[in-house]
Amino acid sequence: MKNLVILGAGTAGTMMANHLRPKLSKDLWNISIVDQYKTHYYQPGFLFLPFDTYTEEQVKKVGKKFIPKGVNYIQKKIEQIFPKENKVQLEDETLSYDILIIATGSKIAPEEVEGMKGKNWHKNVFDFYTYEGALALRNKLREWEGGKLLVHLTEMPIKCPVAPLEFAFLADSFFIKKGMRDKVEISYVTPLSGAFTKEKSAATLGYLLEEKNIKLETDFAIERVDNENNKIVDYGERAIDFDLLVTIPTNMGDDVIARSGMGDDLNFVPTHENSLQSKDHENVFVIGDATNVPASKAGSVAHFESETLTDNILLYIDGKPLKEEFDGHANCFIETGKNKALLIDFNYKQEPVEGTFPFPGIGPLKLLKESVFNHWGKLAFRWIYWNMLLKGISIPFVSRNMTTAGKKLD
Amino acid sequence: MTTTISGTEINVTEDGYLTDFSQWTPEIAKELAKNEEIELTDRHWEIIKWIQDRVNAGEALSIRGIKKSGVLDIKEFYALFPGGPLKLSTKIAGVPKPKSCI
């Protein structure tokens, strides 16, 4: 018997288990998936938790439900990967593998910025990228009486790069609905040169911040959070006051990648961007947020990657050349508040542009343009996630590689 | 779009970043720096070269990465490229500015 081991039972790892079990003979291949946590979170829902739009129950389920029969689900901590020996050390046993799939994701690392995870953490300094952070922020917003709200992004790359902008837009709607928008000043603080950094997006969406009266602070490279004076300070000694700081801390790959010596500065695993094979070990493949490929860290990307990676695992087993086809395809809804949303569809080379999706010229979804229908799409996506995406079912009419049909190109 | 810098026609984005690194020359860098009111010293050239090497190796640039690199500390980076060091240094080095997905 041969062994295929998947590390991580999040979005990417769960999809790979579902893709591969029916395709690999049960007489020849054992498949194991390792994850120490019992709960599978619907992470896109963390954006809605703070505003009381989603409840706790809507964003979590027992992970085991999504692991197919015939896959060995091991709920243990991963201590270290030994890629030269084809072994993975768990807390109390060692697994040997013929093929390893790393799907250990990324997580926030607030301790990377001085004072961020200080005495005011989850008091007036919040993240919403964790279940605990999103819930703590929800409780704060329920009683907050207003003041200066900063929506802040520490540095790229982050999971779901549009989430901080969405948070700022939804905050505007939230406070309007509560009848207290005049008591809240919202600023968006970014280390980049603008809220929109791609040409087409900047041209078509630039109006959004002004329309929602959100102030913009650019080129802000945070050095520390000053908990005594409630300020964030950058390396150029520029300071911005806040009453409530909602920050996206540095995002990093899992610590096990660092312990195993397999990552870059941010613990992301060097990965071939078109085949998803690791650059250092030919029987190690990497998917989702754990890679260092220059695609967005998002569930849709993991979904498109999983289709290519499934083919490549089968090709690798047959000793055939791998497909170098993954194009960085991402497809993301962006909430803009007031029950509207945008949709973007792009890849490594093609920036988001206007158009119709998925049917060229018809839609019904509109690209890079606000619409109520897009918002319904975003809400419907939660059902698609639990019932199709995790199970490895292709989304109808949406192919793994990006298509230019229906897009307005120059 | 194209623009002419020190007698050479080059392709740039709307905000003035080179779109084709092969068109970059030290003369163009000097001119781009002058537009940002920066006089390039030996130290600037070292940093420009380092940024170009990182980007051409496919690595992402971040303030944090620079801090970890040991090549320069962030205060010095700000002193060399006042205001927005990443934004300015990448422009002068002829590489794309750090971006998000939209």
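Every read-out reported here was derived from the displayed coordinates using simple, explicitly stated rules and does not represent laboratory data. Bear in mind that the values here come from a model prediction, so they are computed numbers and not experimental data. Every residue, glycine as well, gets a Cβ built from its backbone with ideal geometry; the counts of neighbours run over all protein chains shown.
Before moving on, here are some points about what is shown:
- 11 Å beta-carbon shell around A:ILE384, net charge (K/R +1, D/E -1): +3
- For A:LEU365, the residues 5 or more places off, or on other chains, whose built amide H falls under 5 Å of its own are A:PHE357, A:PHE359.
- Amide H contacts under 5 Å for A:LYS148: A:GLU185, A:ASP243, A:LEU244, restricted to partners 5 or more places along the chain or on a different chain, H placed in the peptide plane at 1.01 Å from N.
- Taking the longest Cα principal axis of chain B as reference, the axis of helix B:42-56 is set at about 80 degrees.
- Length gained when the stretch A:GLU143-A:GLU354 is fully extended (0.36 nm per residue, less Cα-Cα span): 72.0 nm
- Mean Cα-pair separation over length for the range A:291-410, i.e. relative contact order, pairs under 8 Å, 6 or more apart, %: 25
- Taken residue by residue and averaged, Cβ atoms of other chains lying within 10 Å of the Cβ of B:91-101 number 6.
- Descending Cα extents along the principal axes, the range A:330-389, whole Å: 29, 26, 20
- What the Cα convex hull of the range A:163-294 gives, in volume per residue, is 163 Å³.
- Largest first, the extents of the alpha carbon coordinates of the range A:95-163 on the three principal axes equal 57, 26, 23 Å.
- Coarse-grained scattering of chain A at q = 0.06, 0.07 Å⁻¹, given as base-10 log I(q)/I(0) from a Debye sum over alpha-carbon atoms: -0.24, -0.33
- Between A:TRP383 and A:GLN58, the modelled labels are 1.3 nm apart [label points 7 Å from Cα along Cα→Cβ].
- Antiparallel %, DSSP beta bridges [both residues in the range A:108-251], to 5: 30
- Rounded to 5, percent antiparallel among DSSP beta bridges of the range A:330-389: 95
- Each stretch of four or more DSSP H residues adds -39500 (n - 2.57); spread over every residue of chain A, this sum gives -6500 deg cm²/dmol at 222 nm.
- Among A:LEU95, A:PHE82, A:ALA109 the positive-end extreme of the charge dipole of the range A:75-125 (Cβ point charges): A:ALA109
- Summing charges over neighbours of A:LYS61, with a neighbour being any other residue whose Cβ is under 15 Å away from its Cβ, gives +3 when K and R count +1 and D and E count -1.
- The label-point distance for A:ASP264 and A:PHE373, in a model that sets each label 7 Å from Cα toward Cβ, rounds to 3.8 nm.
- Dipole-positive endmost among A:LEU379, A:SER300, A:VAL125 within chain A (Cβ charges, Cα centre): A:LEU379
- Mean separation of Cα pairs under 8 Å and 6 or more residues apart, divided by the residue count, gives the range B:2-93 a relative contact order of 26 percent.
- Extension gain, A:ALA405 to A:ASP182, is 75.9 nm, computed as 0.36 nm per intervening residue step minus the present C-alpha separation.
- Counting only other chain Cβ atoms within 10 Å of each residue's Cβ, the peptide B:52-64 averages 4.
- In sequence order, calculated HN-Hα J values of the range A:130-142 (Karplus, 6.51, -1.76, 1.60; Hz; x Gly/Pro): 10, 4, 5, x, 5, 5, 4, 5, 4, 5, 5, 5, 4
- Rounded to the nearest Hz, the phi-derived 3J(HN,Hα) couplings of the range A:279-290 under the Karplus curve 6.51 cos²θ - 1.76 cosθ + 1.60 (θ = phi - 60°) are 6, 9, 9, 6, 9, 10, 10, 9, 9, x, 5, 6, where x marks glycine and proline.
- Counting DSSP beta bridges with both ends in the protein assembly as shown, the antiparallel % (nearest 5): 50
- Local electrostatic count, A:ALA239, Cβ distance below 13 Å [Lys/Arg +1, Asp/Glu -1]: -3
- Backbone N within the range B:63-83 under 15 Å of label point (7 Å from B:THR41 Cα along the Cβ vector): B:72-82
- Per-residue extension of 0.36 nm, minus the Cα-Cα distance of A:ASN72 and A:GLU85, leaves a gain of 2.5 nm for this segment.
- Set A:LYS177/A:LYS378; A:LYS76/A:LYS279; A:LYS378/A:LYS407 screened for pairs whose C-alpha atoms are more than 24 Å apart: A:LYS76/A:LYS279
- Here's the list of aspartates and glutamates a cross-link from A:LYS2 could span, going by alpha-carbon distance under 14 Å and ignoring same-chain residues fewer than 8 apart: A:ASP27, A:ASP98, A:ASP318.
- The range A:326-382-the range A:137-177 distance, computed between alpha-carbon centres (Å): 21
- Surface/4 estimate of mean projected area, convex hull on alpha-carbon atoms of the range B:2-93, nm²: 5.7
- Rough spin-label spacing in nm, given labels placed 7 Å along Cα→Cβ, for A:HIS122 and A:LYS38: 1.9
- Sequentially through the range A:17-33, phi angles give Karplus couplings (6.51, -1.76, 1.60; θ = phi - 60°) of 4, 5, 5, 7, 4, x, 9, 9, 4, 5, 7, 10, 10, 7, 10, 10, 10 Hz, Gly and Pro residues having no value and appearing as x.
- For the range A:124-233, the list of chymotrypsin sites (Phe, Trp or Tyr not before Pro) that fall in a loop by DSSP and count at most 13 other C-beta atoms within 10 angstrom is empty.
- Straight-line reach from A:LYS119: taking Cα to Cα under 17 Å and skipping same-chain neighbours fewer than 8 places apart, the lysines in range are A:LYS140, A:LYS231.
- At R0 = 51 Å, FRET efficiency that the Cβ-Cβ distance of A:LYS65 and B:GLU9 yields, to 0.05: 0.25
- Pairs spanning more than 31 Å between alpha-carbon atoms, out of A:LYS23/A:LYS65; B:LYS75/B:LYS97; A:LYS26/A:LYS64; A:LYS200/B:LYS75; A:LYS87/A:LYS297: A:LYS200/B:LYS75.
- Cross-link partners for A:LYS408 among the aspartates and glutamates, with Cα-Cα distance under 20 Å and sequence neighbours closer than 8 places in the same chain left out: A:GLU199, A:ASP327, A:ASP345, A:GLU351, A:GLU354, A:GLU370, B:GLU14.
- Between B:PHE21 and B:ALA79, the C-beta separation translates, for a Förster distance of 30 Å, into a calculated FRET efficiency of about 0.70.
- With Cα atoms, 0 to 90° folded angle of helix A:372-384 axis to chain A main axis: 40
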